[in-house]
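Take a look at the structure set out below.
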Amino acid sequence: ALHYLSPIKYISQKTDWSFLDRALGRVDYDEQELGMWANIDGNRDIFERALTWATDQFDRTLVFAPNISASHSLCQIAKRLGIQAETIDSQNDNKKSREAKLKRFREGKTQVLFNVAILTAGYDLPSLDCVLMCRATKSLRLYLQSIGRAIRIDPDKPEKVAQIVDMAGNLERF
């Protein structure tokens, strides 16, 4: 049988998303609301531990952040920990800067790349080991596209097991 996807190790890391309880009935959550997650002290502490775990084990980790402000805030946590990290988003990057950041990530010069809806679909990096999903969603499609970034078979490391750390309770929501 042909194998196109890596096995997955799924880790559900509980964090506080209770502020979304009042957002029922919408197709998906508002980015402004989602960003509140990064302002909760306990969430930042759990994120820091998960990030340290990921960077201690893997060469490349892709973070799906709740919004642009949170992406930059979480990236600062990574930098404070001495991790080579960058953000990529639609407000602060043009095509040239995005290409440069993706090149550094692909080459391993950047260990953690934080993004907001830029690398959800159409981005292929078989050597990507880990996704930290720090964005709640009601969309199964968005969730699967996001985690799908890590589950490509790596021809240089066919035994790779993709690590998905869901910090937003998405799987439980579906």
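The values are calculated or read from the model by the stated rules, or taken from the named source; none is laboratory data. Keep in mind that this is a model prediction, so the values were computed, not measured. Cβ sites come from the backbone with ideal geometry, for glycine too, and all protein chains shown count toward neighbours. Side chains included, ligands, DNA and RNA excluded: accessible areas come from the protein's heavy atoms. Shrake-Rupley method; radii C 1.70, N 1.55, O 1.52, S 1.80 Å.
Side notes on the structure shown:
- The spread of Cα positions in the range 12-97, taken along each principal axis and listed from longest to shortest, comes to 39, 32, 19 Å.
- Heavy-atom surface analysis with a 1.4 Å probe gives the chain a carbon and sulfur content of 51 percent of its accessible area.
- Applying the Karplus relation 6.51 cos²θ - 1.76 cosθ + 1.60 with θ = phi - 60° to the range 38-43 yields 3J(HN,Hα) values of 6, 8, 8, 3, x, 5 Hz, where x marks Gly and Pro.
- Computed from the C-beta positions of Asp28 and Lys95, the FRET efficiency with R₀ = 22 Å rounds to 0.25.
- The largest-to-smallest principal axis extents of the Cα set in the chain are 46, 38, 30 Å.
- Per-residue Karplus couplings for the range 67-78, computed as 6.51 cos²θ - 1.76 cosθ + 1.60 with θ equal to phi - 60°, are listed in order as 7, 5, 4, 5, 4, 5, 5, 5, 5, 5, 4, 4 Hz, Gly and Pro entered as x.
- Fraction of antiparallel bridges per DSSP, the chain only, in percent to nearest 5: 5
- Out-of-range pairs (alpha-carbon distance over 19 Å; input Lys9/Lys138; Lys9/Lys157; Lys103/Lys160): Lys9/Lys138; Lys103/Lys160
- Comparing Val27, Val131, Val116 in a Gaussian network model of the chain, where Cα atoms under 10 Å apart are tied by springs, the biggest mean-square fluctuation is seen for Val27.
- Of Asp124, Asp154, Asp56, the residue with the greatest mean-square motion in the GNM of the chain, using alpha carbon springs below 10 Å, is Asp56.
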